[in-house]
1. Listed residues B:VAL103, B:VAL121, B:VAL155; which is of a type in the set (Val, Ile, Thr), within 14 Å of chain A (Cβ to nearest Cβ) and touching a residue at least 60 places away in the same chain (Cβ under 8 Å)?
2. Report whether or not A:LEU188 is among the hydrophobic types (A, V, I, L, M, F, W, C) and within 21 Å of A:SER121 (Cβ to Cβ).
3. Do we find a residue being surrounded by fewer than 18 Cβ atoms within 10 Å (Cβ to Cβ), within 17 Å of the chain's Cα centre (by Cα) and among the aliphatic types (A, V, I, L, M) anywhere in the stretch A:17-25?
4. Tell me whether the stretch A:165-185 contains one or more residues that are in a loop (DSSP other than H, G, I, E, B) and free of Cβ contacts under 8 Å to residues at least 24 places away in the same chain.
5. Mind listing whichever residues of the stretch B:33-55 are over 14 Å from B:ILE69 (Cβ atoms), surrounded by 14 or more Cβ atoms within 10 Å (Cβ to Cβ) and in contact (Cβ under 8 Å) with a residue 40 or more places away in the chain?
6. Taking into account only those residues within the stretch B:56-100 that are more than 13 Å from chain A (Cβ to nearest Cβ) and small (Gly, Ala, Ser), which is surrounded by the most Cβ atoms within 10 Å (Cβ to Cβ)?
7. List pairs: first in the stretch A:105-127 and farther than 20 Å from A:MET170 by Cβ, second assigned to a helix (DSSP H, G or I) and of a type in the set (S, T, N, Q), Cβ under 7 Å, 6+ apart or cross-chain?
Amino acid sequence: MADLQLVAEGLGQAFGRTRLFSALDLQVPSGDVLLVRGPNGSGKSTLLRILSGFMRPQEGQVAVRWQGKECPPRKLFHRIGMCTPEMRLYEELTGMETMAFFSKLRGVDRDEKTLQELLRSVGLETSRHRWVKVYSSGMKQRLKLLLATFHEPPILYLDEPGSNLDDEGMDVVGRIIEAQKARGVVILATNDTREFAYGTQELFLGQ
Amino acid sequence: MEPKNSSLVNEVLAILNKDLVSEFRTKVALNAIFLFSLTVLFLVSFVVGPYKIRTLDQPAILSAWLWIIVFFSGMSGLDRVFVKEEETSTAPGLQLAARSSAVFLGKFLFNLCLMGMMGAVVTPLYIVLMEFSIASPLYFAAEVFFGILGMTTGVTLIAAMVAKARMKGALFSILSFPIIIPLLLVAIEGTSKAATGISSMEFLRSISVIGSFAGAMFVLSLILFEKVWIE
């Protein structure tokens, strides 16, 4: 397991007059799953964007502590896994081409057989040569989950990972989170009661 | 944290390959560039043709028109490479997985491929249709190639900036035009001289100006791209 900790101090964010959160302190060590809950518009996705480094917070700061060193999450994009509704797939590529493309970018040396096995693990092996465009929304979600985790990142950000997934797909989410707990940190933003049990820490926004 | 395992070259080639496969399947930028360039080319050749221009003025006027076609054809499709990533929300995945420099280089090479294809089709057609007589064909071809290289270098960063803007519309042409003007002027003069006959010294002077422009824009783009791409 990676010896790391995701730390946020005094985080505050507002859009216009709407304050989403303020003076938020977080410490998420390896092996923990931070469950972020809250009603729509409470700032769950915004918090994930801030914690992952995609967005600078108006107040406070975020850092990843690893082996005594501190680093802003923005510098660790290549070590992050992320699956959010805002991230989409290349519709004109096949599932297999998508996997091959991202494995080259991530520097994860995987041959076609291994990629095929990975696609099988999320139930997409038989549709691997079909364009993503013709995938159902559940199939796209499975591929996104696979892309977020196949490079075994120490930090994984999941925003509504169970959206559009059937029971079998929810099992995939469960397996992914359990595997990630053994590898590092999980930040899970969700309102799906089926996913609440994965959390080892809980943060409720919008109070 | 350990550095990335992938090499820059592998990332650049993966992005270039992905964009080429994606483009040949959708043909959005290809259609825009080729439809524009061929339409203008045929309009110019049918409406004006080679005979309405005095022979003495032909090299300068025909060179200027050629670059106007090349410039606006580029403007009609070169921004797609970034606009598409933003509009289809695929940019965040690419931001996470690839180095910024690899994204810039991959997209730059893709744009160069598009413009190279356009130049390879439009320039000979233009020469034939306009009966453009060229005294130094090799120098002329080199001027066109380096002009396209310089233009692509200059506009790729602007395309990334435009993709982030809400009002994309004509922004790409408006921002690109003042930056590309010096290059266009040198390229027009270079191709015009190559048409009438150019000495090696004049050719080298013209190419070195275009090369300096392209080099400066390339280095500047590499430095600035991360700010544009990630912020």
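1. Result of the check over B:VAL103, B:VAL121, B:VAL155: B:VAL103.
2. yes
3. Checked against the condition, which is being surrounded by fewer than 18 Cβ atoms within 10 Å (Cβ to Cβ), within 17 Å of the chain's Cα centre (by Cα) and among the aliphatic types (A, V, I, L, M), the stretch A:17-25 yields no hits at all.
4. So far as the stretch A:165-185 goes, no, none of its residues is in a loop (DSSP other than H, G, I, E, B) and free of Cβ contacts under 8 Å to residues at least 24 places away in the same chain.
5. Once the filter is applied, which keeps residues that are over 14 Å from B:ILE69 (Cβ atoms), surrounded by 14 or more Cβ atoms within 10 Å (Cβ to Cβ) and in contact (Cβ under 8 Å) with a residue 40 or more places away in the chain, the stretch B:33-55 yields only B:PRO50.
6. Among those that are more than 13 Å from chain A (Cβ to nearest Cβ) and small (Gly, Ala, Ser), it is B:GLY74.
7. A:ARG110/A:SER103; A:LEU115/A:SER103
Yes/no matrix, rows are residues, columns are (1) out of contact with any strand residue (DSSP E or B) (no Cβ under 9 Å at 6 or more places or on another chain); (2) over 17 Å from A:ALA148 (Cα atoms); (3) modelled with pLDDT of 95 or more; (4) more than 14 Å from every other protein chain (Cβ to nearest Cβ):
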{"residue": "A:ARG79", "(1), (2), (3), (4)": "no, no, no, no"}
{"residue": "A:MET82", "(1), (2), (3), (4)": "no, no, yes, no"}
{"residue": "A:GLU86", "(1), (2), (3), (4)": "no, no, no, no"}
{"residue": "A:LEU89", "(1), (2), (3), (4)": "yes, no, yes, no"}
{"residue": "A:MET96", "(1), (2), (3), (4)": "yes, no, yes, no"}
{"residue": "A:GLY107", "(1), (2), (3), (4)": "yes, no, no, no"}
{"residue": "A:GLU112", "(1), (2), (3), (4)": "yes, yes, no, yes"}
{"residue": "A:ARG130", "(1), (2), (3), (4)": "no, yes, yes, no"}
{"residue": "A:LYS133", "(1), (2), (3), (4)": "yes, yes, yes, no"}
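The values are calculated or read from the model by the stated rules, or taken from the named source; none is laboratory data. Everything numeric in this text was worked out from a predicted model, so none of it was measured. All Cβ positions, glycine included, derive from the backbone under ideal geometry; neighbour counts span all protein chains shown.
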